[in-house]
Amino acid sequence: MDHLDALENKSIYIIREAYYRFKNIAMLWSVGKDSTTLLWLIRKAFFGKIPFPIIHIDTSYKFPDMYEFRDRLAREWNFPLIVGRNEEKLAAGMSPSSGMKLECCTELKTNALKQVIDKYKFKAIFLGIRRDEHGIRAKERYFSPRDDQFQWNYENQPAEIWDQYKSYLDKEEHYRVHPILHFTELDIWKYIQREKLPIIHLYLAKEGKRYRSIGCVPCCSPIESSATTIEDMINEVAASKTSERAGRAQDKENIYTMQKLRALGYM
Amino acid sequence: MEEKALPIVITGHIDHGKSTLIGRLLYDTGILKEDRYQEITASSSLLGKETEFAFVLDALEEEREKGITIDTTQIYFQTPKRKYVIIDAPGHKEFLRNMITGASYADAAVLIIDSNEGIMEQTKRHGYLLSMVGIKDICVLINKMDLVGYSKDIYDRVVAGMKDFFGNLSLRPRFYIPISALKGNNVAKRDPSITWYEGPCLFEALDELEFKTFEERPFRFPVQDVYRIGNEKIVAGRIESGEVAVGETVYLLSKGLRVKIKEIRKFLEDNIKTASYGESIGLIVEGANGIKRGDILSGDNNVRTVKDFDANLFWFYGEYNKGDKIQIKCTTQESYCSLSITEKFDPATMDKKKEGLHHLEIGEIAKAKIKLRKKIAIDTFSYIPEMGRFILEKNGIPVGGGIIV
């Protein structure tokens, strides 16, 4: 079994464990490369028939290509899609340009997700996060319990050994499940290449620039790059001297922003 | 280069320098990305410190403020020979569950000891647990040599103490390296100024450590779930040992039946003939109805299907008191169980106790008979590790683990 096969088999095992434990489960899909990879692995785990809904949290500030890609894939891969928007805050004009990036993320991502979870009573959510993204994410478990306030109790995480995942559910609790935690950025690109997965072309260089990480238009900046194919990208990522999220405004603002966002329940 | 990274857990007593060592290693080898280094420098100065290498791994605000590692972390790096996943484990007794979580991901281990302070409680607990969870290859580092004037006598004394400790265990450390994580001696490259030491530096020693190997064993397939898709029932699971081929007859242990493997399924792959260890697959099975999660398909009939068995336990969260409602999880099998402890000890003292056996605390090891409410299928840990290890839960929280002897 090669390296990518080993990663894939482990992810599929985790996906099936979570589905067995929590029937009322859904997946959070950002339409980026990581969660699209996760979506593909979920298709594999269930032999092509995804048995739960896929959630897209729409801040309204996403790249137009992302909306087109989302709707196309939902059609082609035939899964139920839930689009979650914090309509109240959007109507009130919430935006990252008002100088409150953390608050904007909290309202348009975290609270929009809370609204979806409340409405559909989901007990667990699949997320496509990876350990190598950020120091905080390196401390995540595959099954991560959250309390009724969506808080991540990062100081008191349960042990997780030998593929046994804590799944006991208090009434006021839900779980985040992270089946691709063990993939690196490089693994993701190699896997996308091998599996011939569709990706948004924003990742590929145009006029010397490309996005290494995509989210909301105002908070993502492109990097200098000549990578116009996935092959180029694999070489570029392997040689990179900066980490992937360096282009994300969110992480730069405050050293512990990521920890705070996670503790508040954002991805 | 081999794409598969060797996972190595870094263990040792609190403050003996685990996180500092890893930060130093990454910095010296140019793996630490520039923006991360700047973030660490900024975070350090915010707390009034010089650039603190431990912050590379101690990313939580509380960890940086208190200067301790709370939770296990993983970081990727590579030498010219191969890739590594370095797993940092906390050295505090209270966070033993996080150390074990880290160790369970690892194939090999580093155990770090402060030369000045010597062998401490967590040095022994970690050493013992590494041996218990099946780590075969270990490298011992005698750290903070700069604080003891690079003294050979002190190094020799610590090495003798560790050899004595490991003398009773199955684990034999491959290297004992004198280092200073703070100054960088013998970390990324050999330090010729330590003239009495002729062995490898850490970097070279890591390249010598090996992946866990596994032996050819009979087929074992714990059923994870059964999916009804169209008119078909697909039995989903992962092969925990051996291999299977279409057309073979295997045992369905819970029912004492033999069933035939009609098809092996994976999404978008046709006509699969065989599958082996580690593969998550679907099976179409003929000859039995009502297959469900927790059933085991087996290539031979030598698996023990039992209601009680002997095990070595380790306790890592809260307390155990006789009468506690304990649940055991072994592969996809689960049952309530009770423990009858026959002996217990804390590896920190190795003092074997025959009394107080109604109670266990964090860090204690016990020999016990486990009595189950319903039968499960097991192998010994030394024969098929995946089928010979389990965890214990109390009130839905993992509290201990064990291996079947």
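Structural remarks
- Condition broken by A:THR59, with the remaining ones in (1) over 17 Å from the mean Cα position of the chain (by Cα); (2) buried (at least 17 other Cβ atoms within 10 Å of the Cβ); (3) of a type in the set (Ser, Thr, Tyr) satisfied: (1)
Conditions (1) surrounded by 15 or more Cβ atoms within 10 Å (Cβ to Cβ); (2) not assigned by TED's automatic domain parsing to the domain that holds B:TYR128, marked per residue:
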site: B:ILE154; (1), (2): yes, no
site: B:VAL159; (1), (2): yes, no
site: B:MET162; (1), (2): yes, no
site: B:CYS201; (1), (2): yes, no
site: B:ASN231; (1), (2): no, yes
site: B:GLY242; (1), (2): yes, yes
site: B:LEU253; (1), (2): yes, yes
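- Complete set of residues in the stretch A:14-24 that are surrounded by 21 or more Cβ atoms within 10 Å (Cβ to Cβ) and either within 11 Å of chain B (Cβ to nearest Cβ) or out of contact with any Leu (no Cβ under 8 Å at 6 or more places or on another chain) (or both): A:ILE14, A:ILE15, A:ARG16, A:GLU17, A:ALA18, A:TYR19
- The listed residues are A:LYS10, A:LYS62, and the only one of them that is among the basic types (Lys, Arg) and modelled with pLDDT under 95 turns out to be A:LYS62.
- Options B:TYR150, B:TYR197, B:TYR176; residue that is of a type in the set (Phe, Trp, Tyr) and under 22 Å from the mean Cα position of the chain (by Cα): B:TYR176
- A:LYS166 vs. criteria free of Cβ contacts under 8 Å to residues at least 40 places away in the same chain, in a loop (DSSP other than H, G, I, E, B) and at the interface with chain B (Cβ under 9 Å from one of its Cβ atoms): yes
- Residue under evaluation B:GLY30, criteria (1) more than 28 Å from A:ILE161 (Cα to Cα); (2) surrounded by fewer than 21 Cβ atoms within 10 Å (Cβ to Cβ); (3) in contact with a helix residue (DSSP H, G or I) (Cβ under 8 Å, 6 or more places away or on another chain); (4) at pLDDT 70 or above, criterion not met: (3)
- Filter result for A:LYS196 (within 13 Å of chain B (Cβ to nearest Cβ) and either farther than 30 Å from B:GLY102 by Cα or touching a helix residue (DSSP H, G or I) at 6+ places or on another chain (Cβ under 6 Å) (or both)): yes
- Here B:SER280 qualifies as closer than 28 Å to B:GLY134 by Cβ, surrounded by 14 or more Cβ atoms within 10 Å (Cβ to Cβ) and either touching a helix residue (DSSP H, G or I) at 6+ places or on another chain (Cβ under 6 Å) or more than 10 Å from chain A (Cβ to nearest Cβ) (or both).
- Note on the stretch A:34-67: residues that are assigned to a helix (DSSP H, G or I), of a type in the set (Phe, Trp, Tyr) and within 14 Å of chain B (Cβ to nearest Cβ) amount to 1.
- Hey, A:PHE143 of a type in the set (A, V, I, L, M, F, W, C) and within 30 Å of B:ALA106 (Cα to Cα) or not: yes
- Matching residues, the stretch B:386-405, being surrounded by fewer than 21 Cβ atoms within 10 Å (Cβ to Cβ) and either within 10 Å of chain A (Cβ to nearest Cβ) or assigned to a strand (DSSP E or B) (or both): B:LYS394, B:ASN395, B:GLY396, B:ILE397, B:ILE403
- Checking B:PHE221 against (1) within 30 Å of B:ASN395 (Cβ to Cβ); (2) part of a strand (DSSP E or B); (3) among the aromatic types (Phe, Trp, Tyr), the condition it does not meet: (1)
- Conditions (1) assigned to a helix (DSSP H, G or I); (2) of a type in the set (A, V, I, L, M, F, W, C); (3) within 9 Å of chain B (Cβ to nearest Cβ): number failed by A:TRP189: (3)
- Scanning the stretch A:68-103 for residues that are farther than 23 Å from A:LYS33 by Cα, part of a helix (DSSP H, G or I) and without any contact (Cβ under 8 Å) to a residue 24 or more places away in the chain turns up A:GLU87, A:GLU88, A:LYS89, A:ALA91, A:SER98, A:GLU103.
- For the stretch B:325-338, filtered to residues that are among the charged types (D, E, K, R) and crowded, with 16+ Cβ neighbours inside 10 Å, the residue that is farthest from A:GLU160 (Cα to Cα) is B:GLU334.
- Subset of the stretch A:171-218 that is surrounded by fewer than 18 Cβ atoms within 10 Å (Cβ to Cβ) and touching a Pro at 6+ places or on another chain (Cβ under 8 Å) - its residue that is nearest to A:TRP152 (Cα to Cα): A:GLU173
- Selection within the stretch A:150-163 - part of a loop (DSSP other than H, G, I, E, B) and in contact (Cβ under 8 Å) with a residue 60 or more places away in the chain: A:PHE150, A:GLN151, A:TYR154, A:ASP163
- Here B:THR380 does not qualify as free of Cβ contacts under 8 Å to residues at least 60 places away in the same chain and either assigned to a strand (DSSP E or B) or within 14 Å of another protein chain (Cβ to nearest Cβ) (or both).
- The listed residues are B:LYS371, B:LYS367, and the only one of them that is within 22 Å of B:SER254 (Cβ to Cβ) and either among the charged types (D, E, K, R) or part of a loop (DSSP other than H, G, I, E, B) (or both) turns out to be B:LYS371.
The values are calculated or read from the model by the stated rules, or taken from the named source; none is laboratory data. All values derive from a computational prediction rather than experimental measurement. Ideal geometry is used to build each Cβ from the backbone, glycine not excepted, and the neighbour counts take in all protein chains shown.
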